[in-house]
Amino acid sequence: QVQLVESGGGLVQPGGSLRLSCAASGIIFRFYARGWYRQAPGKQRELVAGITNGGSTNYDDSVKGRFTISRDNAKNTVYLQMNSLKPEDTAVYYCNAHSRSSDYWGQGTQVTVSS
């Protein structure tokens with residue numbers, strides 16, 4: 001059974017930092033493209049950052065320079081380092097792993113940026 005388990009969300013003040021983790025079981029993470037998505041209330045889920053199995057990264061313009069996606073293949077884990085957080089970053093953040101034939105999602109972790 002495939003599981004993606006996110007952790008690291010929480011409440012943080014504007015300008016603060018959080019580090020999200022996504023640990024996979026049941027699949028070999030490095031064979032999949034991985035990404036972090038977020039969904040704010042009343043909005044569609046959007047891609048925040050992605051990393052290919054070759055290590056190439058891409059970011060939504062709204063987070064460029066503030067967020068960094070990284071991976072530890074030995075730990076079967078992908079991370080999202082979020083710095084200089086803004087209230088508009090508030091959302092549920094989801095981890096995703098996909099290939100040509102498979103698409104897996106975590107359960108989500110809430111990130112709230114508020115003073």
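Scanning the chain for trypsin sites (Lys or Arg not before Pro) lying in DSSP loops with no more than 16 further Cβ atoms inside 10 Å, the longest uninterrupted stretch between such sites is 1-42.
Amide hydrogen proximity for Gly16: with H placed 1.01 Å from N in the peptide plane, the residues at 5 or more positions away or on another chain lying under 5 Å are Leu85. Full extension of the segment from His98 to Arg30, taken as 0.36 nm per residue of separation minus the current Cα-Cα distance, would add 23.4 nm. Amide H contacts for Phe67 (H built 1.01 Å from N in the peptide plane; partners 5 or more residues away or on another chain; cut-off under 5 Å): Asn83.
3J(HN,Hα) along region 73-80, derived from phi through the Karplus expression 6.51 cos²θ - 1.76 cosθ + 1.60 where θ = phi - 60°, amounts to 5, 5, 9, 6, 9, 10, 10, 9 Hz, with x in place of Gly and Pro. Ignoring lysines fewer than eight residues from Lys86 along the same chain, the ones with Cα atoms less than 27 angstrom from its Cα are Lys43, Lys64.
Per residue, the accessible area of the chain comes to 53 Å², computed with a 1.4 Å probe over protein heavy atoms only. Model label points for Lys43 and Gln107, set 7 angstrom from Cα along the Cα-to-Cβ axis, are 2.5 nm apart. Can you give the local net charge around Arg30? Use residues other than it whose beta-carbon is closer than 12 angstrom to its beta-carbon, Lys and Arg +1, Asp and Glu -1. That works out to +2.
The values are calculated or read from the model by the stated rules, or taken from the named source; none is laboratory data. Computed from a predicted model, the values in this text were never measured in an experiment. Positions of Cβ are backbone-derived with ideal geometry, glycine not excepted, and every protein chain shown enters the neighbour counts. Side chains are part of the model used for accessible areas, which takes the heavy atoms of the whole protein and leaves out ligands, DNA and RNA. Shrake-Rupley method; radii C 1.70, N 1.55, O 1.52, S 1.80 Å.
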